[in-house]
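The values are calculated or read from the model by the stated rules, or taken from the named source; none is laboratory data. Just so we're clear, the structure is a prediction, and the values are computed from it rather than from any experiment. In this analysis, Cβ positions are derived from the backbone assuming ideal geometry, glycine residues included, and neighbour counts consider all displayed protein chains.
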DNA sequence: ATGAAAGCGCTAACAT
DNA sequence: ATGTTAGCGCTTTCAT
């Protein structure tokens, strides 16, 4: 593979001149530029990013660390990140932690080794070990979707408390008084916040006594198992609030298997919509988060931080949630 | 950030000794090793992969270039690749070409610049420009899912002709004689092969005259539009063969909108299943490809090529397809 | 407008 | 079992 040296020799110039041409930096005469460009093509020269990064201390690479890459919510975030990054000439490395703190920290090491310029992180838990590691290596971090207490970083997320509150309000307005919530893992901010919103709505309605709270994981299997368990309560709830899309799917599967009709027997509302290209019949009433925009904004924050355009204090961006009313919650509110 | 030099000084050894410790290469005495390891921890040392790659000419990084990262079929392939790669200490860079030949070639350049050790490629078209580029830069390529004529590479795929043939046979066995196929783009091997399988099955049944072939793209929107068009044929088909999962979803959406019942009015069979965690009611009769295994096998082939274990001749792995009969094709065959 | 020298952090090759 | 030397390919810095 040809090096910058080969190109320089071929064009009769110094390596640094070739560097100036391919990076559009510094003065190069028209004639020289053309000679260099011809040499580049003739030799099929491709710059070596390892050498460039080693010398310049910048790799033009970001990382997106997610907890579940099979969840369309995160996939859509990823596209938002990708598009925003590419527009500014950055590449993105995707990492899947499977909700594991250990995996997250492993990736943190790998990413530091790869000298990524910055990281967008969906934290697997509320501990700050990975964030502190990044920061101690001078790698800026933007938190996305979930928050961590007592760390100073830029962050982008939606208001989970408010989203859950609105969804449960909606179920209450339909006359339900026994509403259960199936949520994600303890210690994950979105799981906790959505429970908080649920409790707030019940309390507002004077139904604080009726709380039925189930922690689990943000997966279809967990949703299935807890749905079965929930319906064994006496008396069983008449409505269910699912804290994410996979939980909703698991619940629907369980209800199909144990012959419970939605919404006739139990009403259902959940967090996170599914992308249109995956769903034949959008059926679930949801609090939809603007995933693509979340990815975009997080990337913009990170890029501003990298270029020094950002203010010294950290920025928190809270994006609005959209409540989409569909069949699963029962008859529409007039 | 601490360098190997800092660690060496701190431990009272030469940099190369530190290198031997962190790479587990060459002889290092127990005592020295321990001193070095302590220094690594105390300084929070993280090796710089750019420097290592520049020197050693190996990045321990593979790339997976796909045509549609939103399609679960490719997402599952990606997990197969990821798992196999990590097991051998490799990282993976994911690239999405959106079925664009131009994007594919852009990524080829980027990946060469990043000095990836090898590439797994779902080609966007049957031209071999990107493959030739990789090969001229000494980067081994494994083709996955789709083939390209006249190139010498390792490859992993399923037998699309046979899968389509079996699916259409099944529809024929249910008594259908007017079966249409909605496929992907011309020039893409899987789109063409699935049409070939369809034609073969019809010809076998002496129904060659009844061919109704529709090219489009492997997307939900294309499936929707062509479904509407197909049903305007006079007489309309009584069964439909969809060449991938997104086409099937688009067709089902169209049928819901134009009030055509599946399978009562039209039977349906399609290529590619959807992952269980995304689907409440698996409904479509499909030819399911072992996507995870495809990703795994492709990675293994690539790794063997990199380590020199592979034979000189290229290897073609053809994996078996599973036909899963469900409601969409009508009553089960006894 | 162009170039020379130096060095980023690491490891291959060759000592000892 | 450990170290020395050199250099991977590029860009920073400082000339000219």
Taking the stated definitions as given, is residue B:70 within 13 Å of chain A (Cβ to nearest Cβ), in contact with a strand residue (DSSP E or B) (Cβ under 9 Å, 6 or more places away or on another chain) and away from DNA strand D (no atom under 16 Å from the Cβ)? yes
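Yes/no per residue for (1) closer than 29 Å to residue A:305 by Cβ; (2) within 14 Å of chain B (Cβ to nearest Cβ):
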residue: A:159; (1), (2): yes, no
residue: A:164; (1), (2): no, no
residue: A:172; (1), (2): no, no
residue: A:191; (1), (2): yes, no
residue: A:208; (1), (2): no, no
residue: A:216; (1), (2): no, no
residue: A:231; (1), (2): no, no
residue: A:250; (1), (2): no, yes
residue: A:255; (1), (2): no, yes
Evaluation of residue A:90 against (1) over 17 Å from the mean Cα position of the chain (by Cα); (2) facing chain B (nearest Cβ under 10 Å); (3) surrounded by 21 or more Cβ atoms within 10 Å (Cβ to Cβ) (one fails), failing number: (2)
Determine if segment B:55-63 includes at least one residue that is in contact with a helix residue (DSSP H, G or I) (Cβ under 7 Å, 6 or more places away or on another chain), away from DNA strand C (no atom under 13 Å from the Cβ) and within 30 Å of residue A:278 (Cα to Cα). yes
The correct count of residues that are part of a helix (DSSP H, G or I) and more than 9 Å from DNA strand C (Cβ to nearest atom) in segment A:1-13 is 6
Pairs with Cβ under 6 Å, 6+ apart, first in segment A:43-64 and without any contact (Cβ under 8 Å) to a residue 12 or more places away in the chain and closer than 24 Å to residue B:105 by Cβ, second more than 9 Å from DNA strand C (Cβ to nearest atom) and part of a helix (DSSP H, G or I): A:49/B:113
Please determine whether any residue of segment A:123-138 is within 14 Å of chain B (Cβ to nearest Cβ), surrounded by fewer than 17 Cβ atoms within 10 Å (Cβ to Cβ), in contact (Cβ under 8 Å) with a residue 12 or more places away in the chain and in contact with a helix residue (DSSP H, G or I) (Cβ under 9 Å, 6 or more places away or on another chain). yes
Only residues that are in a loop (DSSP other than H, G, I, E, B) and touching a residue at least 12 places away in the same chain (Cβ under 8 Å): list them for segment A:252-264, please. A:258, A:260, A:262, A:263
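Conditions (1) touching a residue at least 12 places away in the same chain (Cβ under 8 Å); (2) closer than 16 Å to residue B:160 by Cβ; (3) out of contact with any helix residue (DSSP H, G or I) (no Cβ under 7 Å at 6 or more places or on another chain), marked per residue:
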{"site": "B:269", "(1), (2), (3)": "yes, yes, no"}
{"site": "B:280", "(1), (2), (3)": "no, no, no"}
{"site": "B:285", "(1), (2), (3)": "yes, no, no"}
{"site": "B:294", "(1), (2), (3)": "yes, yes, no"}
{"site": "B:303", "(1), (2), (3)": "yes, no, yes"}
{"site": "B:315", "(1), (2), (3)": "yes, no, no"}
{"site": "B:319", "(1), (2), (3)": "yes, yes, no"}
{"site": "B:329", "(1), (2), (3)": "yes, no, no"}
Residue check, residue A:45 part of a loop (DSSP other than H, G, I, E, B), within 11 Å of DNA strand D (Cβ to nearest atom), out of contact with any strand residue (DSSP E or B) (no Cβ under 9 Å at 6 or more places or on another chain) and at pLDDT 95 or above: yes
Is it true that some residue in segment A:38-54 is more than 9 Å from chain B (Cβ to nearest Cβ) and under 28 Å from the mean Cα position of the chain (by Cα)? no
Name the strands (runs of 3 or more DSSP E) wholly inside segment A:147-251 in which the number of residues that are touching a helix residue (DSSP H, G or I) at 6+ places or on another chain (Cβ under 9 Å) and surrounded by fewer than 21 Cβ atoms within 10 Å (Cβ to Cβ) is 1 or more. A:212-214
Looking at segment A:315-334, which of its residues are in a loop (DSSP other than H, G, I, E, B) and at pLDDT 95 or above? A:315, A:320, A:321, A:325, A:326
Taking residue B:76, is it in contact with a strand residue (DSSP E or B) (Cβ under 9 Å, 6 or more places away or on another chain), within 20 Å of residue B:295 (Cα to Cα) and touching a residue at least 12 places away in the same chain (Cβ under 8 Å)? no
Within segment A:51-64, is even one residue more than 9 Å from DNA strand D (Cβ to nearest atom) and assigned to a helix (DSSP H, G or I)? no
Flagged in segment B:14-37 as assigned to a loop (DSSP other than H, G, I, E, B), closer than 30 Å to residue B:117 by Cβ and either within 12 Å of DNA strand D (Cβ to nearest atom) or within 14 Å of chain A (Cβ to nearest Cβ) (or both), in numbering order, are B:14, B:25, B:26, B:27, B:28
